[in-house]
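Beneath this line is the structure, given in structure tokens, with notes to follow.
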Amino acid sequence: MEKPAGRTDEIIKWGALIQAMHYGTPEKVRAHLQRADNIDAPLANGKTALMMASHAGRSEIVTLLLEMGSDVNSATKNGRTALIWAASSGHASIVRLLIDRGAKVDARTSHGGTALMVAALQGHAEAVKALIEKGAAVNAQEDRYGLNALMVAAAGKGNLQVVKLLLDHGADISARDKKGRTVLDHMKKSRHKEVREFLMSRGAKEQP
């Protein structure tokens with residue numbers, strides 16, 4: 001079936017913008033956006049231009065979009081904001097920029113995850129540090145399983161620096177998820193021996 005000409009033109013237009021978001025100059029991106037009816041319209045995978053730039057680490061494009069009025073707290077259908085996308089890629093400078101421009105530091109995904117949890121899971125120490133400095137809730141728990149940043153940090157990438165950062169800023173080493181499991185319980189299948197030993201030295205225990 002032949003696609004309507006208008007729809008084809010729209011696909012080409014957004015495709016060019018997506019290309020510019022990743023590889024183009026701010027001037028080129030601005031030119032594309034000035035022809036757009038809504039700079040916060042969903043593009044690839046439901047992400048807005050601001051989310052894409054934040055995820056890709058394009059700080060100059062992020063700044064441009066914010067100056068053009070992009071909604072810093074706009075979210076995808078699953079609740080991911082530009083801040084969460086930036087945190088997932090470890091772009092600490094963009095994390096700070098977005099929060100300074102009004103991003104909600106503890107915005108939740110549809111499952112209750114936060115930017116801090118995402119950054120901790122991926123082992124992005126600088127992003128974790130930036131979020132903590134900006135007031136992120138260290139002991140927040142996501143809705144599905146009751147996991148917190150410390151649990152996902154230890155059982156995920158197992159970045160010892162991230163684990164230390166969280167504990168040094170008030171993470172509850174005795175916290176339990178919805179099934180009563182502690183951070184050590186989540187590490188039973190983990191190969192991060194150094195992290196496990198460190199947590200035990202700080203008083204972490206498994207459930208009885």
* Structure fact -> Filtering the range 60-114 down to residues that are among the β-branched types (Val, Ile, Thr), surrounded by fewer than 23 Cβ atoms within 10 Å (Cβ to Cβ) and in a helix (DSSP H, G or I) yields Thr63, Ile99
* Asked: Can you spot a residue in the range 153-161 that is within 18 Å of Gly79 (Cβ to Cβ) and under 15 Å from the mean Cα position of the chain (by Cα)?
  -> no
* Asked: Does Val118 count as out of contact with any Leu (no Cβ under 9 Å at 6 or more places or on another chain), aliphatic (A, V, I, L, M) and crowded, with 19+ Cβ neighbours inside 10 Å?
  -> yes
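Table: residues versus (1) touching a residue at least 12 places away in the same chain (Cβ under 8 Å); (2) outside any loop (DSSP other than H, G, I, E, B).
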position: Ala130; (1), (2): yes, yes
position: Tyr145; (1), (2): yes, no
position: Leu150; (1), (2): yes, yes
position: Val163; (1), (2): yes, yes
position: Ile173; (1), (2): yes, no
position: His186; (1), (2): yes, yes
position: Arg191; (1), (2): yes, no
position: Glu197; (1), (2): no, yes
position: Pro208; (1), (2): no, no
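Quick grid of which residues meet (1) more than 13 Å from Ala86 (Cα to Cα); (2) of a type in the set (Phe, Trp, Tyr); (3) touching a helix residue (DSSP H, G or I) at 6+ places or on another chain (Cβ under 9 Å):
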{"position": "Ala20", "(1), (2), (3)": "yes, no, yes"}
{"position": "Asp37", "(1), (2), (3)": "yes, no, no"}
{"position": "Ala41", "(1), (2), (3)": "yes, no, yes"}
{"position": "Ala53", "(1), (2), (3)": "no, no, yes"}
{"position": "Ser59", "(1), (2), (3)": "no, no, yes"}
* Which listed residue, of Met187, Met151, is of a type in the set (A, V, I, L, M), surrounded by 14 or more Cβ atoms within 10 Å (Cβ to Cβ) and modelled with pLDDT under 95 -> Met187
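The values are calculated or read from the model by the stated rules, or taken from the named source; none is laboratory data. Worth saying up front: this structure is predicted, and the values here are computed from it rather than measured. We place every Cβ from the backbone using ideal geometry, glycine too, and count neighbours over all the protein chains shown.
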